[in-house]
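Down below is the structure, laid out as structure tokens.
The values are calculated or read from the model by the stated rules, or taken from the named source; none is laboratory data. What you are looking at is a predicted structure, and each value in this text was computed from that prediction instead of being measured. Using ideal geometry, Cβ is built from the backbone for each residue, glycine included, and neighbour counts are taken over all protein chains shown. Areas reflect the complete protein model, heavy atoms only, side chains present, ligands, DNA and RNA absent. Shrake-Rupley method; radii C 1.70, N 1.55, O 1.52, S 1.80 Å.
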Amino acid sequence: MSFTPDTTNPMETVRRTGLKNGADRQRQKICFYLLFLWGTLFLYAGLHAAAPELTPEERAWLSAYDGKIRIAHTPDWPPMDFIDKEGTPLGMVADYIRLIEKKLDFRFKKIQVGSWNELLALARSGDIDVISAGQETEGRREFMNWSTPFLNLKTTIIVKKERSGKLALEKMGGMKIGVVHQYAVGEFIRERYPDLTLVDVASSLDGIRKVSFGELDAMITEVPNALYIIDSEKIPNLRLAGDTGFELNHGMGIRKDWVIFSRIVEKGLASISDEEHRQIYQRWARLETPAFYLTRGFWYSVLGTTAVALLVIGMILFWNRELKRQVLQRTKALRFNEIGLEALLALNERPYQSVRDIIEFSFQQMMDLTGSTLGYLSLEDQDGLIYVMDSDDTSTGRRFTVHHRKKGFSPSTKGLWGDAVQRGKPVISNDYHQSNPGLRGLPDTQKKIIRYMNMPIFSHEKIVMVAGMGNKKTDYTPSDLRQLSLLAHGMWRLIQRKKAEQAMQKSEKRFQDLVENSPNGIAIIQDNTVVYQDSTQAKLIGDLNFLNPYDDQRFHREDLPKVKAFYDQMATNTLKQTEVSFRFYSHESLTSHDIMTWVSCIATPIDYNDRHAFLLIFIDMTESKKFQHLLAIQDKMASLGHVSAGIAHEIRNPLSGINIYLGTIEKYFKDPNKVKKIDSSITAIRSASQKIESVIRRVMNFAKPTEPKFDRINVNGPVKEAVKLTRFTLNKKEIDILQELDPNLPDCYAEPHLIEELVLNLINNAADAIFQTHAGGTIKIVSQSEADEIILTVADSGPGISRDLKEKIFEPFFTTKEHSTGIGLSLCHRIITDHKGKFIVTDSELGGACFLIKLPVYRPLSLAGKK
């Protein structure tokens with residue numbers, strides 16, 4: 001049997017509970033005490049329930065394990081289950097456990113744990129036998145059996161009061177929602193609402209505090225747990241904003257192998273009456289119920305209590321005075337809390353110039369709020385500060401004197417901070433002489449301490465700061481400690497935020513310096529508008545409208561189409577081309593004095609102010625282009641000189657011969673007896689003239705070759721024709737020619753005569769190289785295909801080509817032979833280039849040179865288009 005409280009409208013419950021004035025509370029308490037005696041008599045019978053009936057076997061088992069069954073309570077789940085300072089379990093669950101112990105007449109063995117995570121870990125490892133209460137889940141059934149739920153609780157959404165309206169989980173997208181780590185409600189939300197942003201917190205108290213400070217947007221926990229924490233921690237800026245739709249049904253977790261104990265627990269839970277359930281819940285949940293003095297039962301009770309009216313009146317007078325005193329105390333406490341919240345608000349809203357400014361203002365607030373005259377602080381970076389209140393000196397603008405300890409507080413001063421660090425929790429001492437006889441371990445600057453309190457601040461389970469107050473005129477109270485905790489934690493968060501801001505400002509300054517001192521122009525384009533440009537960009541481009549090039553006359557006409565296409569891609573967010581080069585003039589009216597600037601622009605997509613944008617880097621290429629142009633002219637002049645020298649060398653020898661033969665003919669004409677010898681001189685002149693014509697023809701073919709007539713051919717055909725033409729000459733020189741031609745070679749798109757001329761030239765060059773070094777040799781011609789290329793190789797066993805000469809052999813008129821024009825290989829290279837192929841020279845396996853020719857495979861136009 002379980003009891004489910006009426007929590008259908010937790011927001012209305014909080015509103016009624018929080019807004020009832022003092023008079024309403026007094027009347028209810030007066031009526032409660034009025035009928036206390038009557039209620040005790042009538043409720044006694046209802047609260048008494050029969051003990052569960054156990055079998056002899058069950059009774060014997062229970063007796064054997066009396067005081068040995070290890071049970072662990074959740075340490076920080078008020079008001080359901082928690083541990084007080086003395087280690088005593090309290091809350092609804094603890095009351096149920098005591099009631100079961102009473103009904104079954106046995107005792108559990110209590111095991112202390114530090115957190116819910118530790119409790120689950122002990123249950124998994126078998127170091128505890130019973131979990132006091134928990135939600136049954138699929139994962140937890142693996143190591144525990146779970147009883148019938150005896151505590152059914154709805155979960156609620158807690159937000160700041162400034163967030164109006166009712167909330168539901170499906171409407172909380174984009175919010176940071178806190179849930180306790182490894183609690184069942186978190187598993188439920190992650191499964192049902194995977195898009196929500198959940199943040200695991202250590203406990204409900206931790207999560208509710210973070211909502212109050214604005215670190216979380218909402219916290220989800222049980223209704224009683226939320227109400228208890230809000231009330232006990234005096235947090236006035238929160239409200240219950242809606243129901244999650246998830247109900248927690250808590251039962252006891254029992255080790256898997258104790259089936260008989262599971263049966264015993266079920267009988268114990270079944271024996272709990274409805275009245276016992278209700279009494280436990282009302283003791284801790286503190287939800288308002290309708291005023292019972294308005295019910296019919298109230299009037300029946302009034303008739304029965306007439307005899308004790310005089311006694312009741314006396315009790316009313318006494319309790320009324322007591323209530324007035326409590327109301328005054330509560331009002332004072334609420335005002336004190338309001339002052340604390342106002343101080344915290346001022347702490348968060350005040351602008352600060354430095355971390356020191358944050359600390360000084362925070363300590364001023366702490367000392368004012370707690371009425372202390374001494375404050376001290378030790379930070380994680382071993383920086384120590386002591387603040388002592390000044391009563392007279394206000395000339396400095398501060399109300400306290402600061403003693404700065406650059407090396408922090410050494411172990412010799414642990415009398416000031418040691419207890420808080422060793423215990424890992426806040427410490428109050430209202431009689432410091434008694435808690436620290438002899439005042440051992442105090443700083444030299446402060447020997448007079450009457451009372452003090454201090455607070456360790458944790459970050460990731462590590463103490464990062466210790467803050468304390470001292471020498472209040474009256475005793476320190478838990479309320480003082482709460483105020484110190486709020487302000488100290490707020491100060492720590494502000495310090496961290498300020499350090500992060502300072503680091504970000506330094507980073508932004510470094511980046512800004514880097515951009516502003518860049519030798520390149522930098523601009524950011526967003527929504528087709530220049531939203532940023534550095535000084536270099538302004539000097540380089542000026543007011544040139546590069547986003548709309550057709551509207552600006554200074555762009556070079558040849559560059560307009562590609563510049564327009566480049567910036568159109570950015571405007572439509574379809575950037576494919578990341579770089580463009582263009583030229584522009586310094587003025588719109590073109591004159592002979594205009595300076596042309598050549599710029600290379602590189603575009604990169606970025607996020608700027610959380611929106612899509614493009615980063616443009618403009619590189620001034622003007623000087624580089626001028627230098628390239630100068631180098632090109634120099635190369636052309638050098639090539640022209642080289643060609644001229646080659647042509648002069650090739651023509652000079654035949655011309656010398658012609659001049660000699662012309663002189664001989666002139667002599668022969670003067671001597672009639674030698675006229676017959678003129679024919680031989682004329683023949684020699686004609687031969688020399690033909691050599692000159694051959695040189696001129698070769699030069700013309702190289703300088704202005706005829707347009708090739710491409711056709712679909714098989715390369716093996718021209719290769720075989722070239723071999724046929726040279727075979728006789730090669731046999732005469734005792735040179736073997738080998739052919740390894742692929743019969744399945746694919747076709748290519750080429751001119752057969754040019755391919756034949758190419759192979760013929762390579763064979764002749766190879767034969768000359770072999771013949772000049774030794775008698776006999778081998779030339780090998782191979783054709784094959786790889787991927788989309790036809791590969792033709794011509795290798796020989798000659799002396800080869802040195803590494804230094806490989807870079808020069810394709811230059812016009814370069815030759816190592818005595819009677820050669822040096823144009824042959826240049827023409828071969830031109831032929832391969834016209835065929836969109838590759839011409840490479842390497843070393844041959846035969847020991848000589850190897851010329852590698854790569855031609856693209858023939859593809860029909862339709863296939864080439866698809867590709």
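Assess whether V699 counts as being surrounded by fewer than 14 Cβ atoms within 10 Å (Cβ to Cβ) and either at pLDDT below 75 or assigned to a helix (DSSP H, G or I) (or both). Spelling it out, it is not the case that V699 is surrounded by fewer than 14 Cβ atoms within 10 Å (Cβ to Cβ) and either at pLDDT below 75 or assigned to a helix (DSSP H, G or I) (or both).
Mind listing just one residue for me: the one in segment 587-625 that is acidic (D, E), more than 21 Å from the chain's Cα centre (by Cα) and outside any strand (DSSP E or B) and, of those, modelled with the highest pLDDT? Ranking the qualifying residues of segment 587-625, first place goes to E623. When residues in segment 709-729 are screened for being surrounded by 14 or more Cβ atoms within 10 Å (Cβ to Cβ), in contact (Cβ under 8 Å) with a residue 40 or more places away in the chain and either touching a helix residue (DSSP H, G or I) at 6+ places or on another chain (Cβ under 6 Å) or not in a helix (DSSP H, G or I) (or both), 7 of them pass. Among the residues of segment 164-193, those identified as within 23 Å of the chain's Cα centre (by Cα) and among the basic types (K, R) are K176, R190.
Could you grab me the full set of residues in segment 83-126 that are more than 23 Å from T148 (Cβ to Cβ) and touching a Leu at 6+ places or on another chain (Cβ under 6 Å)? Within segment 83-126, D84, V113 qualify.
Note on segment 418-480: enclosed strands (runs of 3 or more DSSP E) holding 3 or more residues that are aliphatic (A, V, I, L, M) and either surrounded by 15 or more Cβ atoms within 10 Å (Cβ to Cβ) or at pLDDT below 80 (or both) are 452-459, 462-470. Across segment 800-812, not a single residue is classified as under 24 Å from E740 (Cβ atoms) and among the charged types (D, E, K, R).
Tell me, which residue of segment 550-563 that is farther than 17 Å from I602 by Cβ and touching a strand residue (DSSP E or B) at 6+ places or on another chain (Cβ under 9 Å) is most open to solvent (accessible area, probe 1.4 Å)? So the residue we want is E558.
On the basis of being open to solvent by 70 Å² or more (accessible area, probe 1.4 Å), without any contact (Cβ under 8 Å) to a residue 40 or more places away in the chain and part of a helix (DSSP H, G or I), does R497 make the cut? In short, yes. Of everything in segment 160-171 that is part of a loop (DSSP other than H, G, I, E, B) and out of contact with any Gly (no Cβ under 8 Å at 6 or more places or on another chain), the residue that is most open to solvent (accessible area, probe 1.4 Å) is E162.
Matching residues to (1) closer than 15 Å to A722 by Cβ; (2) outside any helix (DSSP H, G or I):
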residue: N744; (1), (2): no, yes
residue: I763; (1), (2): yes, no
residue: I770; (1), (2): no, no
residue: K780; (1), (2): yes, yes
residue: L805; (1), (2): no, no
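Those residues that are among the polar types (S, T, N, Q), in contact with a Ser or Thr (Cβ under 9 Å, 6 or more places away or on another chain) and more than 15 Å from A766 (Cβ to Cβ), I need them from segment 781-806; list them, please. Selection gives S783, Q784. Got at least one residue in segment 292-299 being modelled with pLDDT of 90 or more, assigned to a helix (DSSP H, G or I), surrounded by 12 or more Cβ atoms within 10 Å (Cβ to Cβ) and touching a helix residue (DSSP H, G or I) at 6+ places or on another chain (Cβ under 7 Å)? No, segment 292-299 has no match at all.
Against the definition (modelled with pLDDT under 90 and open to solvent by 40 Å² or more (accessible area, probe 1.4 Å)), how does D195 come out, yes or no? It is false that D195 is modelled with pLDDT under 90 and open to solvent by 40 Å² or more (accessible area, probe 1.4 Å).
Taken together, the residues in segment 570-584 that are over 27 Å from the mean Cα position of the chain (by Cα) and either open to solvent by less than 40 Å² (accessible area, probe 1.4 Å) or of a type in the set (K, R) (or both) amount to 5. Under the condition of being polar (S, T, N, Q) and touching a Leu at 6+ places or on another chain (Cβ under 7 Å), the residues counted in segment 503-533 number 1. Every condition in (1) aromatic (F, W, Y); (2) more than 25 Å from I737 (Cα to Cα); (3) at pLDDT 85 or above is met by Y858 except one, and the failing one is (3). Picking from residues in segment 58-90 that are of a type in the set (A, V, I, L, M) and in a strand (DSSP E or B), the one that is surrounded by the fewest Cβ atoms within 10 Å (Cβ to Cβ) is L90. Taking the criterion of being surrounded by fewer than 17 Cβ atoms within 10 Å (Cβ to Cβ) and touching a residue at least 40 places away in the same chain (Cβ under 8 Å), the only residue of segment 198-209 that qualifies is A202.
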